[in-house]
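Data block below; observations after.
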Amino acid sequence: MTAKILEGKYFAAQIKEKCKQDIEMLKTEHQLTPGLAVIIVGENPASKVYVANKHRSCEEIGIYSEVIELPASTSKQALLDKIEHLNCDPKIHGILVQLPLPEHIRAAETEILNAISPAKDVDGFHPVNVGKLAIGEEHLVPCTPYGCIKMLELADIPIAGKQAVVIGRSNIVGKPMFHLLLARHATVTVCHSRSKDLANITRQADILVAAVGKPHFVTVDMVKPGAVVIDVGINRIADKKLVGDVDFEQVKEVAGAITPVPGGVGLLTIAMLLHNTVKAACIIHQVNVKALE
Ligand code: NDP
């Protein structure tokens, strides 16, 4: 068997097109333009590329976008003041602080992220949004796991009743992935670095999500024939080549469907950020968000 390749660009384009239509509706029927503010502190070159991509993606679909560049020497209080100003800015519906923060304020990362109003927390990291996800009231959901779920849904891959295994338990990917799959009625197992006999667990999976951060970690013997394999990992190996957590070449020969790296889940992450910004604008202005789902 050779797996169906789940190309991220195909699904990301569908999500972006839907956002674009929703934005046109919001502009004409509600005189509302969704707005995203991204704060970047310091000169991290990779962060600058990510922020520029987000800005460009916003402009492409009609989201108002502000990039706030602060010097590396910015104090914690100055950053908190900036966030508070954006929390009150009616043009802005989504606020994102690009990570990593410079060394001198990194210890305050949680306090800084928690200062973002839950209503504008388009990364879905605020404890209020984490709690809502855990009790099955999805509000603003972390973009990467949300993108994985949207991809499954758009590809018409059933989730209800399936055995799902998530490798990784981070707050950004693994844990929200668990809640999203559970809410869609999968039976979910979460594995981590202390899990014993991992291959035995992963071989039970109809849907296997790898979010480990180790190149080629998931090998062919860990995958049940016909399984859907979602590779969240982004790992840079020799010659700056990007690879996922899954041994793609081998696993694609047994899986039913698989995401490539690059070109898979990563492309969905920005699309879901746009989606979350539109959704936040709708919730803040009490426009029916059902139209967005
Ligand atoms: P973390 O480092 O925060 O978490 C990695 C998880 O993998 C941990 O829960 C860890 O377990 C687990 N793990 C490590 N070693 C093993 C092992 N031998 N067996 C089982 N589990 C193990 O990473 P993230 O969740 O932030 O990211 C995971 C990957 O996804 C990275 O490659 C990252 O670059 C990528 N990523 C991609 C995004 C995208 O847009 N596509 C967005 C976010 C992340 P433990 O908790 O016990 O330490």
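Kindly provide the set of residues from segment 244-269 that are open to solvent by less than 10 Å² (accessible area, probe 1.4 Å) and touching a strand residue (DSSP E or B) at 6+ places or on another chain (Cβ under 9 Å), ordered by number.
Selection gives GLY244, ASP245, VAL246, VAL251, ALA255, ALA257, ILE258, THR259, GLY264, VAL265.
Residue pairs, Cβ under 7 Å, 6 or more apart or interchain, first in segment 21-36 and touching a residue at least 24 places away in the same chain (Cβ under 8 Å), second in a helix (DSSP H, G or I) and surrounded by fewer than 14 Cβ atoms within 10 Å (Cβ to Cβ). List them.
So the pair list comes out as ASP22/ALA291; THR33/LYS27.
Check off (1) farther than 27 Å from GLN98 by Cβ; (2) assigned to a helix (DSSP H, G or I) for ILE159 and give me the number that stays unchecked.
The failed condition is (2).
Of all the residues that make up segment 206-247, how many are within 16 Å of the ligand (Cβ to nearest atom) and under 20 Å from VAL173 (Cα atoms)?
Restricting attention to segment 206-247, the residues satisfying the condition of being within 16 Å of the ligand (Cβ to nearest atom) are 208-219, 221-223, 229-237, 240-247.
Narrowing the set further to residues that are under 20 Å from VAL173 (Cα atoms) leaves 208-218, 229-236, 242-247.
Residues that pass the stated criteria total 25.
Taking ILE149 as the residue in question, decide whether it is part of a helix (DSSP H, G or I), β-branched (Val, Ile, Thr) and either closer than 18 Å to ALA271 by Cβ or more than 9 Å from the ligand (Cβ to nearest atom) (or both). Before the answer, list the steps.
Numbers: part of a helix (DSSP H, G or I): yes; β-branched (Val, Ile, Thr): yes; either closer than 18 Å to ALA271 by Cβ or more than 9 Å from the ligand (Cβ to nearest atom) (or both): yes.
Judged against the criteria, ILE149 is a match.
Specify which of the listed residues (MET222, MET272) is in contact with a Gly (Cβ under 6 Å, 6 or more places away or on another chain), at pLDDT 95 or above, of a type outside the set (Ser, Thr, Tyr) and buried (at least 20 other Cβ atoms within 10 Å of the Cβ). Steps first, answer last, please.
Numbers: MET222 fails: in contact with a Gly (Cβ under 6 Å, 6 or more places away or on another chain).
Unique residue meeting the criteria: MET272.
Check every one of the helices (runs of 4 or more DSSP H) wholly within segment 43-132 and list those with 2 or more residues that are under 22 Å from GLN21 (Cα atoms). Even if it seems obvious, please write down each step before you answer.
Details: elements: 45-61, 76-87, 103-106, 109-114.
Qualifying helices (runs of 4 or more DSSP H): 45-61.
Does THR33 satisfy the criteria of being surrounded by 13 or more Cβ atoms within 10 Å (Cβ to Cβ) and among the hydroxyl-bearing types (Ser, Thr, Tyr)? Even if it seems obvious, please write down each step before you answer.
Working: surrounded by 13 or more Cβ atoms within 10 Å (Cβ to Cβ): yes; among the hydroxyl-bearing types (Ser, Thr, Tyr): yes.
Spelling it out, THR33 is indeed surrounded by 13 or more Cβ atoms within 10 Å (Cβ to Cβ) and among the hydroxyl-bearing types (Ser, Thr, Tyr).
Among HIS126, HIS179, which is the only one that is surrounded by fewer than 22 Cβ atoms within 10 Å (Cβ to Cβ), more than 30 Å from ASP221 (Cβ to Cβ) and away from the ligand (no atom under 14 Å from the Cβ)? Even if it seems obvious, please write down each step before you answer.
Numbers: HIS179 fails: more than 30 Å from ASP221 (Cβ to Cβ).
Residue meeting the stated conditions: HIS126.
Considering only residues that are assigned to a loop (DSSP other than H, G, I, E, B) and of a type in the set (Gly, Ala, Ser), look in segment 187-219 and name the one that is least open to solvent (accessible area, probe 1.4 Å). Steps first, answer last, please.
Looking only at segment 187-219, we keep the residues that are assigned to a loop (DSSP other than H, G, I, E, B), and these are 192-197, 203-206, 211-217, 219.
Okay, now just the ones that are also of a type in the set (Gly, Ala, Ser), so 193, 195, 205, 211, 213.
On the way: SER193: 108, SER195: 35, ALA205: 1, ALA211: 24, GLY213: 48 Å².
Per the criteria, the residue is ALA205.
Could you figure out which of (1) without any contact (Cβ under 8 Å) to a residue 60 or more places away in the chain; (2) farther than 19 Å from ILE112 by Cα; (3) in contact with a strand residue (DSSP E or B) (Cβ under 6 Å, 6 or more places away or on another chain); (4) aliphatic (A, V, I, L, M) isn't true of ALA52?
With respect to (1) without any contact (Cβ under 8 Å) to a residue 60 or more places away in the chain; (2) farther than 19 Å from ILE112 by Cα; (3) in contact with a strand residue (DSSP E or B) (Cβ under 6 Å, 6 or more places away or on another chain); (4) aliphatic (A, V, I, L, M), ALA52 is out only on (3).
Can you spot a residue in segment 10-30 that is more than 20 Å from the chain's Cα centre (by Cα) and not in a helix (DSSP H, G or I)?
no
With respect to the numbered conditions (1) more than 28 Å from GLU111 (Cα to Cα); (2) aromatic (Phe, Trp, Tyr); (3) modelled with pLDDT under 95, which one is the sole condition not fulfilled by TYR50?
Evaluating TYR50 over (1) more than 28 Å from GLU111 (Cα to Cα); (2) aromatic (Phe, Trp, Tyr); (3) modelled with pLDDT under 95 leaves (1) as the failure.
Given (1) closer than 20 Å to LEU242 by Cβ; (2) free of Cβ contacts under 8 Å to residues at least 24 places away in the same chain, where does PRO215 come up short, assuming only one miss?
All conditions pass for PRO215, except number (2).
The values are calculated or read from the model by the stated rules, or taken from the named source; none is laboratory data. Source: prediction; values computed, not measured. Glycine also receives a Cβ, built like all others from the backbone with ideal geometry; neighbour counts cover every protein chain displayed. Heavy atoms of the whole protein, side chains included, go into the accessibility calculation; ligands, DNA and RNA do not. Shrake-Rupley method; radii C 1.70, N 1.55, O 1.52, S 1.80 Å.
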